[in-house]
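Inspection log for the structure reproduced underneath, given as structure tokens.
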Amino acid sequence: MIRWPRLLALLASLSLVLGLSTGGATALDANPLAADLDRILSDSRLSGANVGLVVKDAETGELIYTRSGSSRFQPGSNAKLVTSAAALDSLGADHRWSTQLRSTAAVQGTVLNGDLFLRGTGDPTMLAADYDDLAAKLAATGVRTVSGALVADDSWFDSVPLGTGWAWDDEPYYFSAQTSALTIAPDVDFDAGSVAVKVSPGAQGQPAVVTLTPPLDLTINNTATTGSADGVFVHRTHGTNVVSVGGSLAVGGQPYTEYISVNDPTTLVAGLFRKSLQSHGITVTGGTQFRETPSSAQVLVDHQSMPLRELLVTFLKLSNNMHAEMLIKSMGRKASGEGSWAAGIRELEARLPGLGADPLTMNLFDGSGLSRMDLLSPDLFVSVLRAARTKSWFQPWYDALPIAAVQDRIAGGTLRNRMIGTAAANNLHAKTGSMTGVTALSGYVTNADGRKLVFSLLQNNFVSGPPKDIEDAVAVRLASDKAGQSQPKIQARQQPAPVEKGNRLDDMECSWRKAC
């Protein structure tokens, strides 16, 4: 006969000994850390929200704290932890993307007698200077005339530019840019598929001056003036390359720069490259075409990207969405010859068991976490974080994570202005994640006893401003923990209200706003 009261008492005692919290906001006196974490997560802003937190010993796997650990949440940019780890396993840390000039034609004297193919494989780091360098190197071979067409080839990936479950009204913004195997970035943050629109004051009463980096062929409707400091706006009309610029800047005032995505990056790259050819004395007598490069075409010039281990820095530190999508499609292309999200996700799922995770416990539709259909659990993130420590690529991956309170923009990344002056400063390495109603923090921290911990905190469906201060309070409590030490005064501080930007709440990753 089962004595239920005695059994329940035994289970309760066992949970106290193990130091586990299974949910709710009940403090466990025998486990000061769990009691403090419960207290932090009892913040009134989380009333009605969904919260999951798992903490484990990074080396032994001992479970230290769990709340809704197996429940699934929208992860935001925490999805990039899984994407990057799977990509390192699949593609390798030394993977590079190539952008090539090819032709099936022979060069006779200064004439290339046929078509010139510009073939991309998804390099997200291509700048205008890199395309110009391709043109310069072709000119250095003596070619001055291409008798055929300039053919832009982005067939390494499929033709689907935007991910499943992405918000349609985010399409003009650079954090939601189109994925193409032939693309371009405006600067060394490598936000592929976007352009920097710089609005500078002119003379008193004159129009403001608009410049584009890179100088792509967009249609600019500029009504911005010079005179008062009312502010300016930049907006691309959905589904087009028509950019409206308006407002006003003060005479002698600081320029304003906005980053926006572009429509059809391949076509814009082809136009830019044709101009580069002209600037280096090469005339293309035919038009511009878009098709696959024949397998018989010979390589004339080849540009290689940095290796993946180096790209991880801008990818993870600055939470670059387009890098994630390039990795997904690149994995699919390598694994099955299909550069699509579906093929890439299949390859990611095939890699998950080797990362300590079960693909049947999650849904993932993209690499960046932009999709509102993505669902992952704190348990899964903690498993990946632990398994990654056994991999040959772990050190560059760990180093590429944002670091709390490290003020250098690249080193600290999206955590550079958080947890300053705390035990987590220059200690916690973790990935952030932010969307409306979603915030997340998962990574590594060493406590005051030198114990290495892995943790994942996912918060969904809150209606307040993003409670990142709750994440900070949890992280600082983990970093400052000593055996048997309670810190009952730790509380989450009030988060400032989100700032309005245009017609939407500006509660995204700080890198997406170019503010960090």
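The DSSP beta bridges internal to the chain are antiparallel in roughly 80% of cases. Summary value for the chain: 20 percent relative contact order, contacts being C-alpha pairs under 8 angstrom separated by 6+ residues.
Computed on protein heavy atoms with a 1.4 Å probe, the accessible areas place Phe157, Phe290 in the order Phe290, Phe157, largest first. Converting phi to 3J(HN,Hα) with the Karplus coefficients 6.51, -1.76 and 1.60 and the offset θ = phi - 60°, the range 437-445 yields x, 9, 8, 8, 8, 9, x, 10, 8 Hz in sequence order, with x at every glycine or proline. Annotation: amide H-H contacts under 5 Å for Ile64 (H modelled 1.01 Å from N, sequence separation of 5 or more, or interchain): Val55, Lys56, Asp57. Taking square-rooted eigenvalues a ≥ b ≥ c of the alpha carbon gyration tensor, is the range 253-295 rounded, prolate or oblate, where a/c under 1.5 means rounded and, failing that, a/b exceeding b/c means prolate? In terms of gyration-tensor shape, oblate.
Remark: for residue pairs Lys137/Lys317; Lys137/Lys391; Lys198/Lys329; Lys80/Lys198; Lys80/Lys137; Lys56/Lys468, the C-alpha separation exceeds 27 Å in Lys137/Lys317; Lys137/Lys391; Lys198/Lys329; Lys80/Lys198; Lys80/Lys137. Descending by average beta-carbon neighbour count within 10 Å, the peptides 294-307, 356-369 line up as 356-369, 294-307, the highest first.
Rolling a 1.4 Å probe over the heavy atoms of the protein chains gives the range 69-112 an accessible area of 30 Å² per residue.
Put the Cα centre of the range 291-353 next to the Cα centre of the range 225-287 and the gap is 27 Å.
Ignoring everything except DSSP H segments at least 4 long, calculate the 222 nm mean residue ellipticity for the chain; use -39,500 (n - 2.57) per segment, divide by total residues, nearest 500.
Details: 12 runs with 131 residues, N = 516.
Here the helix-only value at 222 nm equals -7500 deg cm²/dmol.
Of the solvent-accessible surface of the chain, computed with a 1.4 Å probe and all protein chains present, 52% belongs to carbon and sulfur. Residue ranking by accessible heavy-atom surface, 1.4 Å probe, largest first, among Tyr173, Tyr444 comes out as Tyr173, Tyr444. Taking amide H positions as modeled 1.01 Å from N, with prolines and chain starts lacking one, the residues under 5 Å from Val406 and 5 or more places away or on another chain are Asn426. Rounded to the nearest Hz, the phi-derived 3J(HN,Hα) couplings of the range 151-158 under the Karplus curve 6.51 cos²θ - 1.76 cosθ + 1.60 (θ = phi - 60°) are 10, 8, 10, 10, 6, 4, 10, 6, where x marks glycine and proline. Summarised in one figure, the compactness ratio Rg/Rh of the chain, Cα atoms and Kirkwood Rh, is 1.04. Working note: Cα atoms of the range 228-376, range along each principal axis, descending, whole Å: 59, 47, 30.
Rolling a 1.4 Å probe over the protein heavy atoms gives the range 347-452 an accessible area of 35 Å² per residue.
Relative to the compact globular guide of 2.2 N^0.38 Å, what is the alpha carbon radius of gyration of the range 134-212, as a ratio?
Here the answer is 1.58, to two decimals.
Per residue, the accessible area of the range 174-222 comes to 33 Å², computed with a 1.4 Å probe over protein heavy atoms only. Count Lys and Arg as plus one, Asp and Glu as minus one, and take only other residues whose Cβ is under 10 Å from that of Ser368; the net charge is then -2.
Once you have the Kirkwood Rh of the range 157-301 from its Cα pairs, apply Stokes-Einstein at 4 °C and 1.567 mPa s and quote D in µm²/s. The estimated diffusion coefficient comes to 76 µm²/s. At q = 0.23 Å⁻¹, what base-10 log of I(q)/I(0) does the Debye formula yield for the range 163-203 when every alpha carbon is treated as an equal point scatterer in vacuo? Cα-only, vacuum Debye calculation for the range 163-203: -0.83.
The values are calculated or read from the model by the stated rules, or taken from the named source; none is laboratory data. The structure displayed is predicted, hence computed values, not measured ones. We place every Cβ from the backbone using ideal geometry, glycine too, and count neighbours over all the protein chains shown. The accessibility values were calculated without ligands, DNA or RNA, using every heavy atom of the protein model including side chains. Shrake-Rupley method; radii C 1.70, N 1.55, O 1.52, S 1.80 Å.
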